[in-house]
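Inspection log for the structure reproduced underneath, given as structure tokens.
Here, each number is a calculation from the coordinates, and none is a lab measurement. These numbers come from a predicted model, not from an experiment. So basically every Cβ, Gly included, is an ideal-geometry build from the backbone, and we count neighbours across all protein chains shown.
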Amino acid sequence: MSAETIALLTIPILVFLARILDVSIGTLRIIFVSKGFKSYAALLGFIESLVWVLAITQVMQHMDNWITYIAFAFGFSVGNYVGIMIEERIAVGSQILRVITRHDATELLRHLRAEGYGVTSVDATGDSGPVKVIFTVARRRKLEKIIRTIKQFNPNAFYTIEDVRFVKETFIPQIASRPFVPFRSMRMRK
């Protein structure tokens with residue numbers, strides 16, 4: 001292979017990889033901004049823009065190579081997907097889980113409290129009569145376990161999940177136990 005042929009293929013591959021990196025970082029940066037992690041967002045913004053400049057420079061220098069354009073666009077697409085996958089892995093922040101059940105929730109409440117979750121329950125009235133509304137705030141990575149518990153005690157319960165921007169940590173022990181360190185949770189979880 002000639003040097004020109006290698007460059008014809010190598011540059012698009014590098015542009016593709018750079019776009020995956022910068023768009024993935026951009027996805028995380030936006031999430032950190034929305035969660036209020038200013039320092040992490042600023043650092044990621046710097047890295048994102050640096051990688052983008054490197055990628056677009058290569059595109060502009062090789063305008064005669066249409067494969068570079070495709071690599072740039074395809075890297076953007078894959079970068080969005082990779083960024084979302086990374087965000088799901090690190091599961092930054094807290095969420096509020098609101099459960100509405102028509103059945104007796106005593107055992108569910110007892111079990112959630114025994115697991116260390118702060119739980120608030122309120123008697124309410126729904127379309128079909130009296131219901132119990134249960135609220136709990138938990139770290140995102142704990143939600144799957146809580147939902148499994150809810151389904152175990154009441155498989156027909158209605159629930160909604162919302163992001164929480166700020167939690168005063170005096171009431172929620174699982175949040176107060178460790179400070180936020182990004183990427184720590186990307187290790188394999190059991």
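Data table
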{"item": "The chain - mean residue ellipticity at 222 nm from DSSP helices (-39,500 (n - 2.57) per run, n ≥ 4, rounded to 500)", "result": "-19000 deg cm²/dmol"}
{"item": "Between region 119-158 and region 18-34, the alpha-carbon center distance in angstrom", "result": "33 Å"}
{"item": "Region 3-90, Rg to Rh (Cα coordinates; Rh as Kirkwood inverse mean 1/r)", "result": "1.06"}
{"item": "Base-10 log of normalised Debye intensity for region 94-180 (one unit scatterer per alpha-carbon) at q = 0.12, 0.13, 0.20, 0.23 Å⁻¹", "result": "-0.35, -0.40, -0.92, -1.17"}
{"item": "Kyte-Doolittle mean at least 0.5, axial Cα span of 30 Å or more - DSSP H helices of the chain", "result": "3-35, 38-61, 66-90"}
{"item": "Pair residue 159, residue 88: separation of 7 Å Cα→Cβ label points (nm)", "result": "1.8 nm"}
{"item": "Length-normalised contact order of region 94-180 in % [C-alpha pairs under 8 Å, at least 6 apart]", "result": "42 percent"}
{"item": "Which of 107, 48, 162 has the fewest Cβ neighbours within 10 Å, and the rest in rising order", "result": "162, 107, 48"}
{"item": "Projected label distance in nm at residue 33 and residue 57, using a 7 Å step from Cα toward the beta-carbon", "result": "2.4 nm"}
